[in-house]
Each structure stands twice: as structure tokens, then as C-alpha cells.
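A.B. asks: Quick one: the structure is below, questions incoming.
The values are calculated or read from the model by the stated rules, or taken from the named source; none is laboratory data. The structure displayed is predicted, hence computed values, not measured ones. Glycine gets a Cβ as well: all are built from the backbone with ideal geometry, and neighbour counts include every protein chain shown. Only protein heavy atoms, including side chains, enter the accessible area calculation; ligands, DNA and RNA are left aside. Shrake-Rupley method; radii C 1.70, N 1.55, O 1.52, S 1.80 Å.
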Amino acid sequence: MATPTVTTPKAAAGRPRPTPPKQYRNYIAGKWLDSAAERRAPNVSPADTRVTLGDVPLSPAAEVDAAVLAAAAAFPAWRDTPPPVRARILYRWAALIEKHIDELAAILALEEGKTFSESKGEIAKAINIVEFMAGEGRRIGGDTLPSELPRTFVYTLKQPLGVVAIITPWNFPVAIPCWKIAPALVAGNTIAFKPATLTPWTAQRLIELLEEAGLPGGVVNLIYGAGSTVGDALVHHKAVRAVSFTGSNEVGTHVYTEGAKRLLKVQCELGGKNPLVVLEDADLELAAVATAQGAFGSSGQRCTATSRAIVIDQVADQFVDLVRGHAQKVVVGDPLADGVTMGPSVDGGQFKTVLDYLGVAQGEGAKLVTGGKRLSEGAHEHGFFVEPTVYDGVTPGMRIAKEEIFGPVLSVIRVKSFEEAVEVANDVEFGLSSSLYTNDVNRMYRFVDLIETGIVHVNSPTVGGEAQAPFGGMKGTGVGTREQGKVAIDFFTELKTVYADYTGTKRTSNIY
Ligand code: NDP
């Protein structure tokens, strides 16, 4: 077994920095257990790669089996716990997350690289979702239906599936686990949860708080490890009845295909290439602020990030000037330092991807407006920092106009008409979020009709959403029912139809 590596984050100016665990442990059947993993991955801080935040076990498949079997053993009692009683644990969980919000935000900033204030925003969203789902504990229900037959009661009810696997990415390591775990739990399922290997610390704290909230052992099991072993073993485990996955298209397609082979219920929320359309009558300053917020917030590492601004020609010069101004005001640096508004890319792999796309943009002939380089001097020397970058003169066929970059890179595409804007906006494989800036109500509603995205914003950024509203995308962004909102319960339940005949006589025929 490799020696654990922990370098305590240095006490630089800015927020207090919590002390990381030396090693992360799996949580199985209500116990925190050392993994027998032969390999471990260091949790490296993306803002300063000299700082290591403990070691993550790359657990073997046998430990996945233990986690799933623990969830299966806990299922009968959890299924029979009344939903409002399950919900009380979720309310306590939400309260504990809120109590620890500063600590959690600092952890998130340290291991993922969001700024402290962005991290708090993510955690606030998680709290809202857990509270909303706890409320659903008093609302999960079916329909009562008329019958064709006399004295017959027909109704539906929603029942839990059993053991569900939850596989999450690093970019929202608090909110995404919460928006999957909360509906799964309130609906009565038990869980095997695999967080991203890059963000183990937030996962550990979330589950510790859930334990403190009173969740019985075995109901949620946390298992660390590589996607290709732990993730794959979960998807293939006989006792797993459903997989809720958020991540890349490549892995999501694999999970969906493998799941389909055994008719598993699978929900995938994948990538985005979200357009913000600016019409000639728009408030350009509002549109520019929203564009910068969507493109550079969380270093562009949001599935709902604004990666394309599609702008009517006649206002494009003015719009580009305004966006340049906002991009140049972004302060890039240590996410816990005072005054910083944008952190690093999450790791070396993602950093390289972003830098490669800057090369692609240059090769494709896009016109650099601002940014375009890594930052590597002084305080940026040891982190994965990239300048907020804007390209103008991007054409719809270019790779930077079509592919998800997941970095602080905006492509401005100039168009001649509303119709062309919609056509360009839809001309990508993804369909998660979109935004339209206009004061023309007719074109606003026409945009809502025609745009191929699961979420549409009008005069607000492509990012953001509320706990009670469904979240998810069309086309290559995902398959399965939406997450969040009351529809989230549908994925985690099976619908059962009941016919109860109270005639006390033999049923002879239907109405004919
Ligand atoms: P990945 O697809 O690389 O990883 C997601 C999760 O899947 C991780 O836990 C990963 O484990 C695991 N995994 C990897 N390989 C397998 C496998 N063979 N079987 C099962 N699980 C596996 O995505 P990222 O973490 O890089 O996240 C970024 C992506 O997520 C972006 O494309 C982004 O757009 C998308 N996303 C979509 C959202 C949406 O709602 N539409 C929201 C947020 C992000 P490990 O960490 O060990 O590799």
C-alpha cells in the first residue's frame, strides 16, 4: 500500500482552510472502513499542486459488492419506513449542511477550485434541493382512476426500486450528489454512491453529515474508486436496480449501453454547449454581464456554462466590447484568497484539454478578443490557471463552436437574423440550457417553441436553476427522466397499478 500523502494547506491570506483526512475511507453498512485498495490517488489541490489533500483508495470490485449487499440488506426496513419519517432525516441533513456551510465551501474550493462564494452558492442549492425533496415525503402518491366495472377501485402507487447506484462528477460535488441522493432516499431506495475520484473530501463530509442526521447504517454506502472499476462494477451488479449518472458523454454512453444490456433503469445527465442569443433590441449590458457570468463562473466548468454567444451582426461590435470589459475584470487565483473571482481548472487533464482548445481556436482562425493563455507566473505558478478567453468571428462549423470545452472560453458567433440565430443555436449535439436576450415578446415565445434545450432562460444567464423546477437536457445531453422538481421522484420509483374489486362476486366480463 502506498504511503499516504498529506500536505497541510498553507495558511495563506484569505479564508480558513480545514485540515484534510490522511486517507479517505469507504462507508459501508454504517461503518467507515479502510479499503484494501492496492492503489490510491492523491487528492491534489488544483490551485496549488504542491498541496495534497489526502489519498483516495481505488477500491477493488469486492468492496463494491460489500457496499451493494449492505444496501440490499438495509432495503426492506427503509422501504417500510413511512416517507414522512424518511423525510425528517433529510430535513436534519439540510440543517447540518447549512450549519457547516463555511467548512464545506472551503473544502469544495480547496479540492475542486471554485471560489469560496461560488462554493457557498452550490451548497445553498444543495440545501434547497434536500429541503424540497424532504417535502416530497408528504406528497409521493399516485392517481385514483375510474373503473369500467362496478364497485372496483383502480389506483396507482409509487414504490421504491431497491438498491440504486449513484455516480457523480467532480464539478458539482455537493449539489449533484444531493440532488440524486435526496429523491432516492425519500422514495425509499437504498444507495451505493460513487463520487468522482477528484472530489472525495466533499463526498465524505456529506455522508458524515447524513450519518449525523440519523440515517440508519446501510441505507447509503459510499465507495471510492476508479470509474472503470467501481463505476463499472456498480453498473453490472445484479442487485443494482437503477443507475443515476451525471458526467461526460463518453462515459454516460458506456453506462447507458451497459445498463441497457440488462434492461437496467438508467438516467444520464451529460454535457452541454449552451448558447446565449442576443437580439438587436436586447439590453446589451445585461446580456454581456450574463455572458461573462455564464462563461467564466466556476472557470467554465458547468454543464450549463455559456460557451457560445450568438449575436445579431448589427450589435455584435458593441456586445463584444462589453464582454471583453467584463472578462478583463475577472480576478483569477487561489479560490480561497480575498478578491479572487475565478479559480483554476480542476486538474491537469482538464487544464490540458482547455489549453488544447485554445490551440484549436487559433488553428481554426477564430479572432482572439482577450485571454488565450495559461497563467503561470507568481501566485499562479503551481496551479491550473487559464485566462478568461473570448473569441470572435467563430463560425458554426468550428470545433470550438461545437464541442464542450469545460473551461473559461467563449465563442462569439455573428448571425444576420433571429431565424439564423435559432438554427445555429440548435446546430450542436447537446441540448441542455439556452438563453435569449430580447425585449420582443413575440420572438421570445417563438424561441421557446423552437430551441432544442431542456432549460430555457429569457433575459437571464444560461446557468442557475431552482430546486422545485425540473433540470435536464435534450438530444446528446441526456436520457431518462428529469432530475430535481417533483418529477425527480419518477426515476427512483416504480409505478404499480392496483385493481380492487369489492363486489364480492365473480367477475364475468368487461363492459362489452
Ligand atoms: P466523467 O464522465 O469522466 O465522470 C463522471 C463519473 O463517472 C465519475 O464518478 C467517474 O469516476 C465515473 N466513471 C468513469 N468511468 C466510468 C465507467 N466506465 N463506468 C461508470 N462510471 C465511470 O465526467 P467528469 O467527472 O469529468 O464530469 C464532467 C462532465 O459532466 C462534463 O461533460 C459535464 O458537462 C457533465 N455534467 C453534466 C451535468 C448535467 O446535469 N447535464 C451536470 C454536471 C456535469 P472517476 O472520477 O473515478 O473517473
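One line per residue, one yes/no per condition, for (1) within 16 Å of the ligand (Cβ to nearest atom); (2) buried (at least 22 other Cβ atoms within 10 Å of the Cβ); (3) of a type in the set (S, T, N, Q):
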residue	(1), (2), (3)
GLY431	yes, yes, no
ARG443	no, no, no
VAL456	yes, no, no
SER460	no, no, yes
GLU466	yes, no, no
GLY472	yes, yes, no
THR477	yes, yes, yes
GLN484	yes, yes, yes
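A.B. asks: Still on this structure, please answer the following. Would you tally the residues in the stretch 243-256 being buried (at least 23 other Cβ atoms within 10 Å of the Cβ) and either closer than 16 Å to PHE492 by Cα or more than 6 Å from the ligand (Cβ to nearest atom) (or both)?
C.D. replies: Selection size over the stretch 243-256: 5.
A.B. asks: Moving to a separate point now. Residue by residue through the stretch 397-418, note down the ones that are among the small types (Gly, Ala, Ser) and in a strand (DSSP E or B).
C.D. replies: SER411
A.B. asks: Among ILE191, ILE129, ILE166, which is part of a helix (DSSP H, G or I), under 28 Å from VAL64 (Cα atoms), within 16 Å of the ligand (Cβ to nearest atom) and not small (Gly, Ala, Ser)?
C.D. replies: ILE129
A.B. asks: Give me the pairs: first residue in the stretch 316-329 and free of Cβ contacts under 8 Å to residues at least 40 places away in the same chain and under 15 Å from GLU280 (Cα atoms), second residue β-branched (Val, Ile, Thr) and outside any helix (DSSP H, G or I), beta-carbon distance under 6 Å, and six or more apart or on different chains, which are they?
C.D. replies: Listed by first residue and then by second, the contacts come to nothing, as the list is empty.
A.B. asks: Enumerate the pairs (first residue in the stretch 333-360 and free of Cβ contacts under 8 Å to residues at least 24 places away in the same chain; second residue anywhere and surrounded by fewer than 16 Cβ atoms within 10 Å (Cβ to Cβ)) with beta-carbon separation below 9 Å, excluding pairs fewer than 6 apart on the same chain, so at least 6 apart or on different chains.
C.D. replies: Every condition considered, the pairs that remain are GLY339/VAL331.
A.B. asks: Have a look at VAL320, VAL394, VAL390, VAL346 and point out the one that is touching a helix residue (DSSP H, G or I) at 6+ places or on another chain (Cβ under 7 Å) and not in a loop (DSSP other than H, G, I, E, B).
C.D. replies: After ruling out the rest, the residue left standing is VAL390.
A.B. asks: Moving to a separate point now. Scan the stretch 64-116 residue by residue and report those that are among the charged types (D, E, K, R) and over 30 Å from VAL240 (Cβ atoms).
C.D. replies: Listed by number, the residues that qualify are GLU98, LYS99, ASP102, GLU103, LYS114.
A.B. asks: Let me ask another. Determine if the stretch 411-418 includes at least one residue that is touching a helix residue (DSSP H, G or I) at 6+ places or on another chain (Cβ under 9 Å) and within 30 Å of PHE245 (Cα to Cα).
C.D. replies: Among the residues of the stretch 411-418, at least one is touching a helix residue (DSSP H, G or I) at 6+ places or on another chain (Cβ under 9 Å) and within 30 Å of PHE245 (Cα to Cα), which makes the answer yes.
A.B. asks: When you go through (1) touching a residue at least 40 places away in the same chain (Cβ under 8 Å); (2) part of a helix (DSSP H, G or I); (3) open to solvent by 10 Å² or more (accessible area, probe 1.4 Å) one by one for SER228, which number turns out not to apply?
C.D. replies: (1)
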